[in-house]
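Participant: Input: one structure, supplied below.
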Amino acid sequence: MTRYGLTTILILGGMGNIFNILIFSRKQSRSTSCSLYLSAASVLNLLSLSIGIISSDYAVDHINPETYWLIYCKLRLYFLHASLMMGRCYLMLACIDRCTLCSPLTKIRKFSQVKIARRLAPAVVIICFVISMHIPVFNTIQQQRCVMPASYGLIYSIYSLLVAGLLPPLTMGVAGILTYKNLRHIRQRIQPVGMVDSSRLRIRRRDYQIMIMLMVQVIVYIISTTAYPVNLFYTTLTANIVKNADRQAIEKFLGFMAAGFLIYLNAASPFISIILHQQHSDKT
């Protein structure tokens, strides 16, 4: 599974994110703040895939450095955790950006500006690196495994549940709902004389397209990412329970799927829906 599944995600995800960067780096795309967020997210996705999957593939045929090299254990998870967090933040900012762009209030629409995005993009990097500092502080090697100590496990599982499992999908979901409502409001107001039907049709299609893209984006994130904090929280709570061999095998498999597979699937393909929406917007 690691050799073929993760390698496939690395190749396809790498190609997809590079394609995203090329699209959002075009001259006409650089004029929108959302493109800047998505370009930054794609760069962080490439970093996450490289740090996470290349080292995992190496460990298949070699001794995993995480089992004996403490600095590597700490720094690998630190940069992986920070890069995944940055990708989530840029995705949330992209959703908020689309929401504010459609707002009827001028003051709120001002958030959707390139100069604002250029200030927030580096701020996200600094904030995520600072927030993730607890990873190298507490991470350690126990029984040839790079893990969080049991004394910190519950705190870390709650932290992961909040920053990965609750805050991002809630933010994206609320932004998607508000965007849809704002677009409906715009559709009701724009009725040019002699072009009522065509305008309604065009805006209705745009409403539908954007709503579907946002829904797909949220669903992709929920399926691929929230399984990890939920599984981590469950594992921490049941750590002291005696389990039979079958239950241990099932939990080990689910743990791998959540922490070693699905979490990279999100980094490989989170922006397909927004690319389609961007192409649709360019045509209209």
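Coordinate-derived values only; no laboratory data. The model shown is predicted, which means the values in this text are computed figures rather than measured ones. A quick note on method: Cβ atoms are made from the backbone with ideal geometry, for glycine too, and the neighbour counts reach across all protein chains shown.
Participant: Listing 35, 25, 157 from the residue with the fewest other Cβ atoms within 10 Å to the one with the most, what is the order?
Facilitator: Listed from fewest to most nearby Cβ atoms, that is 25, 157, 35.
Participant: Given the peptides 144-150, 173-179, 44-50, arrange them by the average over their residues of other C-beta atoms within 10 Å, most packed first.
Facilitator: Descending packing order for the listed peptides: 44-50, 173-179, 144-150.
Participant: Hey, rough spin-label estimate for residue 127 and residue 246, points 7 angstrom out along Cα→Cβ, what's it come to in nanometres?
Facilitator: Label-label distance for residue 127 and residue 246, simple model: 4.7 nm.
Participant: Taking the Cα centre of region 43-117 as origin and charging only Cβ (+1 Lys, Arg; -1 Asp, Glu), how large is the dipole, in debye to the nearest 20?
Facilitator: 700 debye
Participant: Ranked from highest to lowest mean number of other Cβ atoms within 10 Å per residue, what is the order of the peptides 62-72, 97-107?
Facilitator: So the peptides 62-72, 97-107, ranked by packing, come out 97-107, 62-72.
Participant: So, one more: I need 218, 137, 43 ordered by Cβ neighbour count within 10 Å, fewest first.
Facilitator: In increasing order of surrounding Cβ atoms, one gets 137, 43, 218.
Participant: Along the positive direction of the dipole of region 14-120 (beta-carbon charges: Lys, Arg +1; Asp, Glu -1; about the Cα centre), which of 32, 90, 103 reaches farthest?
Facilitator: 103
Participant: Under 12 Å from a point placed 7 Å out from the Cα of residue 181 along the Cα-to-Cβ direction: which residues of region 109-146 have their backbone N that close?
Facilitator: none
Participant: Of 81, 134, how do they rank once you tally other Cβ atoms within 10 Å and put the fewest first?
Facilitator: Neighbour counts put them in this order, fewest first: 134, 81.
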